[in-house]
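Here the structure comes first, spelled out in C-alpha coordinates, and everything after it is commentary.
The values are calculated or read from the model by the stated rules, or taken from the named source; none is laboratory data. Quantities reported herein were computed from a predicted structural model and do not represent experimental measurements. Glycine gets a Cβ as well: all are built from the backbone with ideal geometry, and neighbour counts include every protein chain shown.
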Amino acid sequence: MKPIMLSIPESFESSRLLIRAARWGDGAGVNEAVLESLAELKPWMPWAQHEPTLEESEVSIRRSRLEFLERSDLRLLLYNKETGQLVGSSGLHRINWQSRRFEIGYWVRTSCSRQGYITEAVEAITNYAINELQANRIEIRCDSRNTSSARVAERSGFTLEGILRNEACDTEGNLRDTMIFSKVRGVEY
Ligand SMILES: CC(C)(COP(=O)(O)OP(=O)(O)OC[C@H]1O[C@@H](n2cnc3c(N)ncnc32)[C@H](O)[C@@H]1OP(=O)(O)O)[C@@H](O)C(=O)NCCC(=O)NCCS
(Lines give C-alpha, C1' and ligand atoms only; values in the text may rest on other atoms or scores of the structure.)
Protein backbone atom coordinates (compact mmCIF):
# COMPACT_ATOMS: atom_id res chain seq x y z
CA MET A 1 0.00 0.00 0.00
CA LYS A 2 1.64 3.24 -1.17
CA PRO A 3 -0.31 6.25 0.22
CA ILE A 4 1.39 8.61 -2.24
CA MET A 5 -0.40 6.76 -5.05
CA LEU A 6 -3.88 7.47 -3.62
CA SER A 7 -6.15 9.85 -5.52
CA ILE A 8 -7.68 12.15 -2.93
CA PRO A 9 -9.96 15.14 -3.65
CA GLU A 10 -8.34 18.38 -2.48
CA SER A 11 -11.55 20.28 -1.84
CA PHE A 12 -15.21 19.81 -1.01
CA GLU A 13 -18.06 21.86 0.41
CA SER A 14 -20.53 21.89 3.28
CA SER A 15 -23.51 24.22 3.39
CA ARG A 16 -21.53 27.35 4.42
CA LEU A 17 -17.91 26.28 3.97
CA LEU A 18 -15.35 25.56 1.28
CA ILE A 19 -13.01 22.98 2.81
CA ARG A 20 -9.71 22.51 1.01
CA ALA A 21 -6.07 21.50 1.21
CA ALA A 22 -3.57 24.28 1.91
CA ARG A 23 -1.94 26.08 -0.99
CA TRP A 24 1.20 28.19 -1.34
CA GLY A 25 0.16 31.73 -0.25
CA ASP A 26 -2.46 30.75 2.35
CA GLY A 27 -0.07 31.74 5.16
CA ALA A 28 -1.16 35.39 5.29
CA GLY A 29 -4.80 34.51 5.96
CA VAL A 30 -3.82 31.93 8.57
CA ASN A 31 -1.47 34.43 10.24
CA GLU A 32 -4.26 37.00 10.55
CA ALA A 33 -6.67 34.43 12.02
CA VAL A 34 -4.12 33.07 14.51
CA LEU A 35 -3.11 36.56 15.73
CA GLU A 36 -6.79 37.37 16.31
CA SER A 37 -7.34 34.11 18.23
CA LEU A 38 -4.12 33.64 20.18
CA ALA A 39 -5.69 34.01 23.66
CA GLU A 40 -8.23 31.24 22.90
CA LEU A 41 -5.70 28.96 21.18
CA LYS A 42 -2.91 29.27 23.73
CA PRO A 43 -4.32 26.99 26.47
CA TRP A 44 -4.83 24.07 24.08
CA MET A 45 -2.53 24.31 21.05
CA PRO A 46 1.22 23.74 21.60
CA TRP A 47 2.05 25.69 18.41
CA ALA A 48 0.16 28.80 19.61
CA GLN A 49 2.46 29.90 22.45
CA HIS A 50 3.77 33.00 20.70
CA GLU A 51 2.68 35.34 17.89
CA PRO A 52 3.73 33.71 14.60
CA THR A 53 5.48 35.82 11.97
CA LEU A 54 4.05 35.92 8.45
CA GLU A 55 6.94 33.76 7.33
CA GLU A 56 6.34 31.15 10.05
CA SER A 57 2.67 30.88 9.02
CA GLU A 58 3.59 30.49 5.35
CA VAL A 59 6.25 27.87 6.18
CA SER A 60 3.64 25.92 8.15
CA ILE A 61 1.20 26.12 5.22
CA ARG A 62 3.83 24.94 2.74
CA ARG A 63 4.75 22.00 5.00
CA SER A 64 1.05 21.12 5.21
CA ARG A 65 0.78 21.16 1.42
CA LEU A 66 3.78 18.85 1.07
CA GLU A 67 2.35 16.48 3.70
CA PHE A 68 -1.01 16.49 1.93
CA LEU A 69 0.70 15.59 -1.36
CA GLU A 70 2.55 12.67 0.22
CA ARG A 71 -0.64 11.73 2.15
CA SER A 72 1.15 11.70 5.52
CA ASP A 73 -1.18 14.34 7.07
CA LEU A 74 -4.26 15.94 5.51
CA ARG A 75 -4.64 19.51 6.79
CA LEU A 76 -7.81 21.20 5.56
CA LEU A 77 -8.54 24.93 5.69
CA LEU A 78 -12.09 26.20 6.22
CA TYR A 79 -13.30 29.17 4.18
CA ASN A 80 -16.62 31.00 4.30
CA LYS A 81 -18.10 30.32 0.84
CA GLU A 82 -19.76 33.76 0.63
CA THR A 83 -16.99 36.04 1.90
CA GLY A 84 -13.89 33.95 1.19
CA GLN A 85 -12.69 34.61 4.76
CA LEU A 86 -10.66 31.93 6.55
CA VAL A 87 -12.90 30.57 9.33
CA GLY A 88 -10.44 28.10 10.86
CA SER A 89 -8.32 25.07 10.24
CA SER A 90 -8.99 21.36 10.56
CA GLY A 91 -7.80 18.15 8.98
CA LEU A 92 -7.13 14.45 9.31
CA HIS A 93 -4.02 13.66 11.32
CA ARG A 94 -2.18 10.68 12.91
CA ILE A 95 -3.11 8.62 9.88
CA ASN A 96 -2.73 4.86 9.78
CA TRP A 97 -3.36 3.95 6.15
CA GLN A 98 -3.25 0.22 6.81
CA SER A 99 -6.09 0.26 9.35
CA ARG A 100 -7.56 3.45 7.84
CA ARG A 101 -7.60 5.34 11.14
CA PHE A 102 -7.68 9.15 11.17
CA GLU A 103 -7.87 11.83 13.86
CA ILE A 104 -9.76 15.08 13.25
CA GLY A 105 -8.26 18.24 14.74
CA TYR A 106 -9.66 21.78 14.59
CA TRP A 107 -9.51 25.40 15.69
CA VAL A 108 -11.75 28.33 14.86
CA ARG A 109 -10.84 32.02 14.51
CA THR A 110 -12.36 33.85 17.45
CA SER A 111 -14.63 36.15 15.42
CA CYS A 112 -16.24 33.02 13.84
CA SER A 113 -16.66 30.98 17.04
CA ARG A 114 -19.98 29.81 18.49
CA GLN A 115 -21.70 29.80 15.09
CA GLY A 116 -21.53 26.06 14.42
CA TYR A 117 -18.83 26.26 11.74
CA ILE A 118 -16.57 23.68 13.38
CA THR A 119 -19.37 21.19 13.96
CA GLU A 120 -20.35 21.66 10.29
CA ALA A 121 -16.74 21.11 9.20
CA VAL A 122 -16.32 18.01 11.39
CA GLU A 123 -19.43 16.46 9.90
CA ALA A 124 -18.26 17.17 6.32
CA ILE A 125 -14.71 15.94 7.02
CA THR A 126 -16.10 12.78 8.65
CA ASN A 127 -18.13 12.07 5.49
CA TYR A 128 -15.05 12.77 3.36
CA ALA A 129 -13.03 10.31 5.45
CA ILE A 130 -15.73 7.65 5.16
CA ASN A 131 -16.57 8.08 1.47
CA GLU A 132 -13.26 9.16 -0.10
CA LEU A 133 -10.72 7.57 2.26
CA GLN A 134 -12.61 4.43 3.36
CA ALA A 135 -12.05 5.27 7.03
CA ASN A 136 -12.63 2.45 9.52
CA ARG A 137 -12.05 4.61 12.58
CA ILE A 138 -12.18 8.39 13.06
CA GLU A 139 -11.02 9.85 16.37
CA ILE A 140 -11.33 13.17 18.13
CA ARG A 141 -8.98 13.63 21.11
CA CYS A 142 -9.02 16.53 23.53
CA ASP A 143 -7.85 17.64 26.95
CA SER A 144 -10.64 16.58 29.33
CA ARG A 145 -10.96 20.24 30.45
CA ASN A 146 -11.55 21.46 26.88
CA THR A 147 -15.34 21.49 27.08
CA SER A 148 -15.85 23.45 23.81
CA SER A 149 -13.91 20.82 21.91
CA ALA A 150 -15.69 17.91 23.62
CA ARG A 151 -19.05 19.51 22.76
CA VAL A 152 -18.08 19.55 19.05
CA ALA A 153 -17.40 15.80 19.21
CA GLU A 154 -20.65 15.06 21.05
CA ARG A 155 -22.75 17.26 18.75
CA SER A 156 -21.27 15.48 15.73
CA GLY A 157 -22.33 12.07 17.04
CA PHE A 158 -18.94 10.77 18.19
CA THR A 159 -18.90 8.27 21.07
CA LEU A 160 -16.76 8.87 24.15
CA GLU A 161 -14.67 5.70 24.46
CA GLY A 162 -12.78 6.70 27.56
CA ILE A 163 -10.54 9.14 29.34
CA LEU A 164 -6.84 8.32 29.37
CA ARG A 165 -5.43 9.58 32.68
CA ASN A 166 -2.09 11.47 32.74
CA GLU A 167 -1.81 10.72 29.04
CA ALA A 168 0.06 13.86 27.96
CA CYS A 169 1.25 17.25 29.15
CA ASP A 170 -0.69 20.45 28.55
CA THR A 171 0.81 23.59 27.00
CA GLU A 172 2.21 24.59 30.41
CA GLY A 173 3.90 21.23 30.93
CA ASN A 174 1.41 19.89 33.51
CA LEU A 175 -0.06 16.41 33.19
CA ARG A 176 -3.51 16.25 31.64
CA ASP A 177 -6.19 13.65 30.99
CA THR A 178 -7.24 13.00 27.38
CA MET A 179 -10.78 12.26 26.23
CA ILE A 180 -11.04 9.95 23.22
CA PHE A 181 -14.12 10.09 21.03
CA SER A 182 -14.58 7.96 17.93
CA LYS A 183 -16.82 6.85 15.12
CA VAL A 184 -16.18 3.35 13.80
CA ARG A 185 -17.45 1.52 10.73
CA GLY A 186 -20.30 -0.85 11.50
CA VAL A 187 -21.37 0.98 14.67
CA GLU A 188 -21.71 4.74 14.07
CA TYR A 189 -21.85 4.43 10.26
C1 LIG B 1 -12.84 23.88 20.06
C2 LIG B 1 -13.41 25.00 19.18
C3 LIG B 1 -13.00 24.80 17.73
C4 LIG B 1 -14.94 24.96 19.30
O5 LIG B 1 -15.45 26.10 18.61
P6 LIG B 1 -17.01 26.45 18.66
O7 LIG B 1 -17.18 27.76 18.02
O8 LIG B 1 -17.52 26.27 20.06
O9 LIG B 1 -17.65 25.26 17.79
P10 LIG B 1 -18.74 25.38 16.63
O11 LIG B 1 -18.20 26.22 15.53
O12 LIG B 1 -19.14 24.01 16.31
O13 LIG B 1 -19.91 26.19 17.32
C14 LIG B 1 -20.71 25.53 18.30
C15 LIG B 1 -21.38 26.54 19.20
O16 LIG B 1 -22.09 27.47 18.39
C17 LIG B 1 -23.49 27.39 18.71
N18 LIG B 1 -24.19 27.57 17.41
C19 LIG B 1 -24.66 28.75 16.96
N20 LIG B 1 -25.16 28.59 15.72
C21 LIG B 1 -25.03 27.29 15.40
C22 LIG B 1 -25.36 26.52 14.24
N23 LIG B 1 -25.93 27.08 13.16
N24 LIG B 1 -25.07 25.20 14.24
C25 LIG B 1 -24.48 24.62 15.31
N26 LIG B 1 -24.13 25.31 16.42
C27 LIG B 1 -24.39 26.63 16.47
C28 LIG B 1 -23.68 26.07 19.38
O29 LIG B 1 -24.77 26.08 20.26
C30 LIG B 1 -22.36 25.89 20.11
O31 LIG B 1 -22.33 26.60 21.29
P32 LIG B 1 -22.16 25.79 22.72
O33 LIG B 1 -20.92 24.96 22.62
O34 LIG B 1 -22.07 26.90 23.68
O35 LIG B 1 -23.37 24.94 22.82
C36 LIG B 1 -12.92 26.40 19.68
O37 LIG B 1 -13.31 26.57 21.03
C38 LIG B 1 -11.42 26.59 19.56
O39 LIG B 1 -10.89 26.88 18.49
N40 LIG B 1 -10.67 26.38 20.69
C41 LIG B 1 -9.24 26.54 20.69
C42 LIG B 1 -8.55 25.43 19.93
C43 LIG B 1 -8.96 24.05 20.42
O44 LIG B 1 -9.15 23.84 21.60
N45 LIG B 1 -9.09 23.10 19.48
C46 LIG B 1 -9.43 21.74 19.81
C47 LIG B 1 -8.27 20.98 20.33
S48 LIG B 1 -8.72 19.30 20.77
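Figures for the structure shown
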| quantity | calculated |
| --- | --- |
| Failed item, numbered, when V59 is tested on (1) farther than 19 Å from V152 by Cβ; (2) among the hydrophobic types (A, V, I, L, M, F, W, C); (3) touching a strand residue (DSSP E or B) at 6+ places or on another chain (Cβ under 7 Å) | (3) |
| Top-ranked residue in region 61-73 [being in contact with a helix residue (DSSP H, G or I) (Cβ under 7 Å, 6 or more places away or on another chain) and part of a helix (DSSP H, G or I); ranked as surrounded by the most Cβ atoms within 10 Å (Cβ to Cβ)] | I61 |
| Lone qualifier among A135, A150 - being free of Cβ contacts under 8 Å to residues at least 40 places away in the same chain and of a type in the set (A, V, I, L, M) | A150 |
| Scan of region 86-96 for residues that are surrounded by 15 or more Cβ atoms within 10 Å (Cβ to Cβ) and either more than 14 Å from the ligand (Cβ to nearest atom) or in contact (Cβ under 8 Å) with a residue 40 or more places away in the chain (or both), ordered by number | L86, V87, G88, S89, S90, L92, I95 |
| Filter result (among the small types (G, A, S) and assigned to a helix (DSSP H, G or I)) within region 22-40 | G27, A28, G29, A33, S37, A39 |
| Strands (runs of 3 or more DSSP E) wholly inside region 129-189 that include at least 2 residues being loosely packed, with under 15 Cβ neighbours inside 10 Å, modelled with pLDDT of 95 or more and of a type in the set (A, V, I, L, M, F, W, C) | 159-169 |
| Checking Y106 against (1) closer than 18 Å to P46 by Cα; (2) among the aromatic types (F, W, Y); (3) over 16 Å from the mean Cα position of the chain (by Cα), the condition it does not meet | (3) |
| Region 112-144: number of residues that are near the ligand (Cβ under 10 Å from one of its atoms) and at negative phi | 14 |
| Condition broken by F102, with the remaining ones in (1) free of Cβ contacts under 8 Å to residues at least 40 places away in the same chain; (2) touching a Leu at 6+ places or on another chain (Cβ under 7 Å); (3) over 16 Å from I8 (Cα atoms); (4) not small (G, A, S) satisfied | (3) |
| Flag if Q115 is without any contact (Cβ under 8 Å) to a residue 60 or more places away in the chain and part of a loop (DSSP other than H, G, I, E, B) | yes |
| Meets criteria (within 14 Å of the ligand (Cβ to nearest atom) and either surrounded by fewer than 19 Cβ atoms within 10 Å (Cβ to Cβ) or modelled with pLDDT of 95 or more (or both)) for S37 | yes |
| Only one of S111, S149 that is among the hydroxyl-bearing types (S, T, Y) and more than 12 Å from the chain's Cα centre (by Cα) | S111 |
